[in-house]
Number of protein chains: 2
Amino acid sequence: MVRRSGRRPGNQDTRTSILEAARASFAEKGFDKASIRSIAADAGVDPALVHHYFGTKEKLFLAVMNAPINPGELIPQALDGPRDQAGERLIRLAISVWDSPAGTAALAVFRSALSNEWTARLLREFVVTQILRRAVGEIIDDQKEAPMRSALVATQIAGTMVARYVLRIEPLASADPDIIAAAVGPNIQRFLTDPMPEVFKQP
Amino acid sequence: MVRRSGRRPGNQDTRTSILEAARASFAEKGFDKASIRSIAADAGVDPALVHHYFGTKEKLFLAVMNAPINPGELIPQALDGPRDQAGERLIRLAISVWDSPAGTAALAVFRSALSNEWTARLLREFVVTQILRRAVGEIIDDQKEAPMRSALVATQIAGTMVARYVLRIEPLASADPDIIAAAVGPNIQRFLTDPMPEVFKQP
DNA sequence: CGAATAATTCATCAGGTGTTGAAATCAACG
DNA sequence: CGTTGATTTCAACACCTGATGAATTATTCG
């Protein structure tokens with residue numbers, strides 16, 4: 001039975017403004033330190049309203065993450081092109097995403113993953129294992145090397161993001177993306193395609 | 001006037017046991033999530049006693065850091081040897097420190113730096129700017145390139161630590177230090193000694 | 001209008017945080 | 001023994017956290 005009376009769901013402005021405040025807060029402070037109360041205050045709203053719309057704090061986080069970022073689209077996009085420049089395209093893609101407005105969400109995931117265990121699992125099992133490992137698998141030849149090679153690639157990318165966006169180490173934090181790509185890209189490329197010493201050995 | 005009566009300061013065991021509990025807790029949870037109360041509980045002691053001995057929480061953190069780690073000794077030690085293998089020695093040193101019992105302190109600094117601003121400054125201004133930059137300065141030729149080259153080196157080292165010890169990405173988290181050194185070392189070496197494209201340009 | 005329903009707020013719970021000051025316990029010395 | 005002073009604990013303050021459920025306001029429909 002579909003009851004069709006009463007108020008229709010109007011004014012979703014506050015809902016999205018909560019979402020925006022949450023994204024900004026998560027990106028700036030990470031999952032733990034971003035409090036529902038401060039998010040609600042930034043949105044000019046009662047804290048209980050946040051729970052009304054999104055339930056728990058974790059659901060709010062997931063709601064923030066769903067919208068803007070889709071690594072499943074981005075990484076394959078970094079793959080088409082000459083294979084010997086895949087490393088530079090990867091780091092260039094990462095920087096461009098993080099510098100874009102939608103990049104605040106990426107920063108939110110990352111900052112949270114560094115201090116919160118369930119966000120770390122999110123990043124580790126989804127982004128690294130699912131996305132990055134598949135992408136790397138399409139570049140390299142010996143598939144047995146895929147886990148280690150993608151972990152090494154993650155090493156250099158994560159390190160760059162930590163240094164530039166989290167720790168803000170100069171002069172890297174203010175450096176031009178082209179310079180970073182030229183400096184870091186070849187190293188990622190080496191992780192991808194250079195012969196590795198007994199890399200495949202793993203239990 | 002030297003008053004010489006009353007109880008003499010005995011039994012410093014509890015003080016050091018607090019220190020140990022604090023080091024373990026800071027390493028596992030980072031500065032913010034490690035609570036004085038839980039540290040006191042781990043040490044089998046009242047929370048107020050922690051304040052009695054160490055004052056504020058930040059002072060406790062600094063007290064934990066003072067004892068075991070002294071990068072000023074370690075980094076120069078990584079410098080003596082052939083310059084074309086300095087990269088491998090650096091990453092090898094980092095891993096050995098972090099895997100040592102004293103390494104829990106390093107993990108504590110790092111974990112905290114990723115989610116706490118004043119710890120981040122500690123890491124950025126002291127470890128990177130003071131220690132690493134000087135060490136790199138003794139390896140490279142053109143000193144104008146020291147800031148960017150040491151930032152890049154920090155990129156790869158920090159990334160390896162994040163992947164292995166914080167995010168625990170497999171198979172890197174369980175990999176043998178020799179394999180990691182062989183895989184990552186040459187990339188650090190390239191950051192140190194290979195010609196860089198207009199790296200010195202910085203405001 | 002009046003009923004239904006959504007949007008929003010109030011008050012509150014149970015718990016955790018760093019920190020403080022006073023009180024109690026205990027060992028060593030004169 | 002009794003005083004002294006270090007060690008340790010108790011109790012509390014003031015504040016923040018996520019979460020709940022009831023109450024209130026507002027809007028739209030029949």
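Structure data summary
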{"quantity": "Counting all C-alpha pairs of region A:99-203, share separated by more than 21 Å (%)", "calculated": "42"}
{"quantity": "Tensor-based shape of region A:88-147 (alpha-carbon gyration tensor, a/c under 1.5 rounded, otherwise prolate or oblate)", "calculated": "oblate"}
{"quantity": "Spacing of the two label points (7 Å from each Cα toward its C-beta) at B:L62 and B:S174, in nm", "calculated": "4.2"}
{"quantity": "Taking all pairs of distinct alpha-carbon atoms in region A:13-66, Kirkwood radius in angstrom", "calculated": "10.5"}
{"quantity": "Among B:A106, B:L172, B:G87 the positive-end extreme of the charge dipole of region B:84-186 (Cβ point charges)", "calculated": "B:A106"}
{"quantity": "Charge context of A:I188, other residues only, Cβ under 14 angstrom, K/R +1, D/E -1", "calculated": "+3"}
{"quantity": "With Cα atoms, 0 to 90° folded angle of helix A:177-193 axis to chain A main axis", "calculated": "60"}
{"quantity": "Residue-normalised accessible area of region A:78-203, given per residue in Å² at a 1.4 Å probe", "calculated": "40"}
{"quantity": "Cα-Cα separations in the protein assembly as shown greater than 38 Å, expressed as whole percent", "calculated": "27"}
{"quantity": "Computed [θ] at 222 nm, deg cm²/dmol, chain A (DSSP H ≥ 4; -39,500 (n - 2.57); rounded to nearest 500)", "calculated": "-19000 deg cm²/dmol"}
{"quantity": "Average partner coverage of B:133-146, which counts Cβ from other chains inside 10 Å", "calculated": "0"}
{"quantity": "Cβ-defined net charge surrounding A:F31, 9 Å radius [Lys, Arg +1; Asp, Glu -1]", "calculated": "+2"}
{"quantity": "Computed accessible area, B:R190, all protein chains, 1.4 angstrom probe, square angstrom", "calculated": "40"}
{"quantity": "Chain B: angle of helix B:13-33 to the longest principal axis, Cα-based, in degrees nearest 10", "calculated": "50"}
{"quantity": "Share of Cα-Cα pairs in chain A lying beyond 23 Å, as whole percent", "calculated": "52"}
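The values are calculated or read from the model by the stated rules, or taken from the named source; none is laboratory data. As the structure is a computational prediction, the values presented were derived from the model and not from experiment. With ideal geometry, Cβ positions are generated from the backbone for all residues, glycine too; neighbour counts draw on all protein chains shown. Only protein heavy atoms, including side chains, enter the accessible area calculation; ligands, DNA and RNA are left aside. Shrake-Rupley method; radii C 1.70, N 1.55, O 1.52, S 1.80 Å.
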